[in-house]
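One structure is given here, and the rest of the page talks about it.
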Amino acid sequence: MNSILEILVALLVYPGFLFSFAVGGIFYWLYRKVRARFQARRGPPWYQFFVDLIKLFSKESIIPYSAGGSLMVLAPTLSLTSLLLVAAMMPVGSGSLVEFEGDLIVALYFLALPALAMVIAGISSGSPYGSVGSGREVSMMVGYEIPYALSALTVGFSIRSLSLSSIVGYQLENGAFFLKYPLATAAFLLCLLPKISRRPFDAPEADTEIIAGPLTEYSGLLLGLFELANCLKWFVIPAFAVTLFFGGGANIVEFLVKCLGLVLLLSVIDIIHPRYRVDQGFKFFIKWALPLALIDFVRSLILP
Amino acid sequence: MSSVLPIGPFHPALKEAAFFKLEVEGEKIVGGDVKFGYMHRGIEDLATKKSYHSNIFLAERVCGICSTVHSTCYSQTVEALMNIDPPERAKYIRTIVFETERLASHLLWFGVGMHEIGYDTAYMYMWREREHVLGILEAVCGKRVNLGINTLGGVRRDITPDNEGLIKTKLDLVERAVKKIEGLLNEDRVLKARVKDVGILPKDEAEKLCVVGPTARGSGVDIDVRRDDPYAAYPNIEFEVPVEEKGDVLSRVLVRFRELLESIKIIRQAMNDLPGGPLALDKLPLPKVGEAFGRVEAHRGELVYYVKSDGTNRPERVKIRTPSVVNNNSLLPMLLGETIADAPIILASIDPCFSCTDRVTLVDTKKNVERTVTLSDLRRGRTS
């Protein structure tokens, strides 16, 4: 009985749902605040995201007549669930909730699901903006998922283990992987930008072109769930990078500080760039990120 | 198979209501239709019901961003009808305000253009620098947007010695900001990738469509009313008319960028040469029976006013041809063959202004037919 309670607390409060939600919310606010200060604006207060959520949750969700209703409901839940599962697998501080050999592969799959959920959302919403957004999301995914997975596997192949906790353990003893595999790290960091749909690779959600892309027809609770997933992304995706390349953290504070550094880096890149067109963004990943990832991947195969 | 992607009537890329029905195949635009008319306000009709003097205020409200352009053009046309010439100092002050407003308009446009391609940081910076320009306008005219400086036969407010110093310091600030834009245009590769070779309007097409202003000059058509048919203080001022040959969005950006520098130069010259004397004529005659035609180089191109007088204190007809009326026609040829992602920046590249463009369409609900009111219809309505 006691152990079930412990698991529930771990899953729902710390280091599970509530914790990652709160940290993600704060990171998202930080991005918005930094962006605002760079642009000579004041920026939102720290609780802005949370009040937005409360507002969205208290509003009606409208599902258009032309939309595929069940898929439209499924998409945000899929996005949210997969991100929560990755959060549960992440070795934060003492260890992760779920641990097994090969969880790196599973985490990579789950991290691809939010983008897939966006594609489903766009197509099922029955809006032309949504379908254009989905098409863009798919072509971006083809561009960035390969270097993303390759550079993540580089780390696993290097120590001949696909378990996240052993990757962190190895880094705690031998130093972080970004020193050993700088090219793979660079490729991985580049792929984080489209993963959290930031400039210059935010074409799928380009507001001046296709309004909100896949999310155009969403409202109320369902949009709130997508916003929740978005805020989780701000924690999970940098945290995954920290786990793989920046040595995780001996304790939770160190881990969060590293995540914070990454969030600031991503924010600054977002602030100083205009938006690439989707074909240009795709080309960028094939031209730069893929070769970088490949070089270090081959290196990890030959010289572990 | 093509599908229809609506841009408008309300869309984040558009700052005013207009409807672009784009036929797309995937991302590529293969056809389209443009529809205006959401912002019609009946200004031309209203102008015939007000006195010549009140119409200055009306003309100023045709467009928000080029307000002094409209009032200057209207005043000059009516002055031609009255056969009077405003004092030299008034002409110089008109020129200074005119060019300062061009700075404000172009900086605003730079901001909007950056926003369309997702460069929000640059957008915010442009608008911050634009505040200096608005500061000049506020000091000189007492207002920031609808400036209210023109009156028939002169201007209403003087540039005091205090203001002269302020204009000089603010201009230096603006010039520094403009230099920053130059760095941005030269160095930012992502920006270049988005605007280069996009939305091409070749020279012959531009001449055929009769486009005006920076849109024409970006396509190598060398026209500028300020030089070709000088008005106000422009005959005494030396400036260049920037022309770019390539006709893509980048050329239109570069034309506007160089116009910013020219405007700063013109304001400085006009400030140096500012003659003394009265601000406005004391007595105004009634306009003679007849008609007059005036044009100025607005920030978006040639603006035309036609005023017909029947000898009373109200114009019989006021016709306004804003530059966007002609420029909007060039949008469709530019959009064809491009991608949806480029549509917003192409739309923005001509700096369209829809509210001053819209003309009325009559819809007969019984017979369900639509009819656009043309100039000849209106003329017939007046004569019969």
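Separation of region B:184-227 and region A:156-188 by C-alpha centroid, Å?
51 Å
Report the Cα-based extents of region B:201-252 along its three principal axes, largest first, to the nearest Å.
Projected onto the principal axes, the Cα atoms of region B:201-252 cover 33, 20, 11 Å.
Reported to two decimal places, what Rg/Rh ratio describes region A:79-227 when computed on Cα atoms with Rh from the Kirkwood expression?
1.03
Determine ³J(HN,Hα), in whole Hz, for all residues of region B:51-60 in sequence, where each value follows from phi through the Karplus function 6.51 cos²θ - 1.76 cosθ + 1.60 and θ = phi - 60°; x replaces Gly and Pro.
The phi angles translate into 6, 4, 6, 5, 5, 4, 5, 5, 4, 5 Hz.
Amide H of B:T151: which non-local residues (sequence gap of 5 or more, or other chain) have their own amide H closer than 5 Å, using H built in the peptide plane?
Amide H neighbours of B:T151: B:R156.
Expressed in nm², what is the orientationally averaged projection area of the convex hull enclosing the Cα positions of region B:181-300?
That works out to 10.5 nm², a quarter of the Cα hull's surface.
How crowded by other chains is B:7-19, given as the mean number of beta carbons from other chains within 10 Å of each beta carbon?
2
For chain B, take N as its residue count and report Rg(C-alpha) divided by 2.2 N^0.38 Å.
My calculation over the Cα atoms of chain B gives 1.00.
Normalise the Cα radius of gyration of the protein assembly as shown by 2.2 N^0.38 Å (N = residues in it) and let me know the number.
Compared with the compact-globule rule of thumb, the protein assembly as shown sits at 1.14.
If I model a spin label as a point 7 Å beyond the Cα along the Cα-Cβ vector, how far apart are those points for B:S3 and B:D229 in nm?
4.8 nm
Once the Cα gyration tensor of region B:1-152 is found, what semi-axes does its equivalent ellipsoid get, as square roots of 5 times the eigenvalues, in whole Å, sorted largest first?
Ellipsoid half-lengths, sorted descending, are 36, 22, 11 Å.
Per residue of region A:173-189, what does 6.51 cos²θ - 1.76 cosθ + 1.60 with θ = phi - 60° give for ³J(HN,Hα)? Whole Hz please, x for Gly and Pro, Karplus curve as stated.
Calculated HN-Hα couplings, in order: 8, 10, x, 5, 6, 5, 6, 7, 10, x, 5, 4, 4, 4, 4, 4, 5 Hz.
Determine the shape class of region A:159-214: with a ≥ b ≥ c the square roots of the Cα gyration tensor eigenvalues, call it rounded for a/c under 1.5, and otherwise prolate if a/b is greater than b/c, oblate otherwise.
Note, shape of region A:159-214 comes out prolate.
From Cα pairs below 8 angstrom and at least 6 apart in sequence, can you work out the relative contact order of chain A, rounded to a whole percent?
28 percent
Just check region B:160-216 against the gyration tensor rule for me: Cα atoms, a ≥ b ≥ c as the square roots of the eigenvalues, rounded for a/c under 1.5, and otherwise prolate or oblate depending on whether a/b exceeds b/c.
It is oblate, given that a/c is not under 1.5 and a/b is not larger than b/c.
Between the alpha-carbon centers of region A:17-77 and region B:264-333, tell me the distance in whole angstrom.
50 Å
In region B:226-291, what GluC sites (Glu not before Pro) fall in a loop by DSSP, with at most 14 other Cβ atoms inside 10 Å?
Those that pass, being in a loop and sparsely packed, are B:E238, B:E240, B:E245.
Using the Karplus curve 6.51 cos²θ - 1.76 cosθ + 1.60 with θ = phi - 60°, work out ³J(HN,Hα) for each residue of region A:258-274 in order, rounded to whole Hz, and write x for Gly and Pro.
5, 4, 4, x, 5, 4, 5, 4, 4, 4, 5, 4, 4, 5, 8, 10, x
Along the charge dipole of chain A, pointing to its positive end and built from +1/-1 on Cβ of Lys, Arg, Asp and Glu, which listed residue (A:L11, A:T81, A:S58) has its Cα farthest out?
The Cα lying farthest towards the positive end belongs to A:S58.
Quick check: convex hull over the Cα atoms of region B:92-195, volume per residue in Å³, rounded to an integer?
100 Å³
Eigenvalues of the Cα gyration tensor times 5, then square-rooted: what semi-axes does that give for region A:1-146, in whole angstrom, largest first?
28, 23, 18
What ratio of Cα Rg to 2.2 N^0.38 Å holds for region B:68-121?
1.63
Ordered by packing density, taken as the mean number of other Cβ atoms within 10 Å over each peptide's residues, highest first, how do B:90-100, A:260-270 rank?
Answer by packing, highest mean first, reads B:90-100, A:260-270.
What is the spin-label model distance, in nm, from B:V289 to B:R128 if the labels are put 7 Å beyond Cα along the C-beta direction?
Each label point lies 7 Å from its Cα, and together they span 6.1 nm.
Is the C-alpha gyration tensor of region B:184-228 telling us rounded, prolate or oblate? Criteria: a/c under 1.5 is rounded; beyond that, a/b larger than b/c is prolate, otherwise oblate.
Oblate, because a/c is 1.5 or more while a/b does not exceed b/c.
Output the Cα-based Rg and Dmax of region B:99-150 in Å, rounding Rg to one decimal and Dmax to a whole number.
So, for region B:99-150, Rg and Dmax equal 11.9, 38 Å respectively.
Are there chymotrypsin sites (Phe, Trp or Tyr not before Pro) in region A:66-115 that DSSP marks as loop and that have at most 16 other Cβ atoms within 10 Å, and which are they?
In loop regions of region A:66-115 (DSSP not H, G, I, E or B), the sparsely surrounded chymotrypsin sites (Phe, Trp or Tyr not before Pro) are A:F100.
What base-10 log of the normalised intensity I(q)/I(0) is obtained for region A:200-304 from the Debye formula, alpha carbons as equal point scatterers, at q = 0.10, 0.19, 0.22, 0.23 Å⁻¹?
-0.43, -1.20, -1.25, -1.25
Calculate the mean, over all residues of peptide B:110-123, of how many other protein chain Cβ atoms lie within 10 angstrom of the residue's Cβ.
5
Quick check on region B:15-56: what are the equivalent-ellipsoid semi-axes from the Cα gyration tensor, as sqrt(5λ), descending, whole Å?
Output for region B:15-56: semi-axes of 39, 8, 7 Å.
Starting from 0 in steps of 10 Å, tell me what percent of the Cα-Cα pairs of chain A lands in each bin.
6, 27, 36, 23, 7, 0
Simple spin-label model, 7 Å along Cα-to-Cβ: A:I272 to B:R176 in nm?
Reported label-point gap for A:I272 and B:R176 is 2.1 nm.
Readers should treat all values here as calculations from the given coordinates under stated rules, not as data from a laboratory. The structure displayed is predicted, hence computed values, not measured ones. Methodologically, a virtual Cβ is constructed for each residue, glycine included, from the backbone with ideal geometry; neighbour enumeration extends over all protein chains shown.
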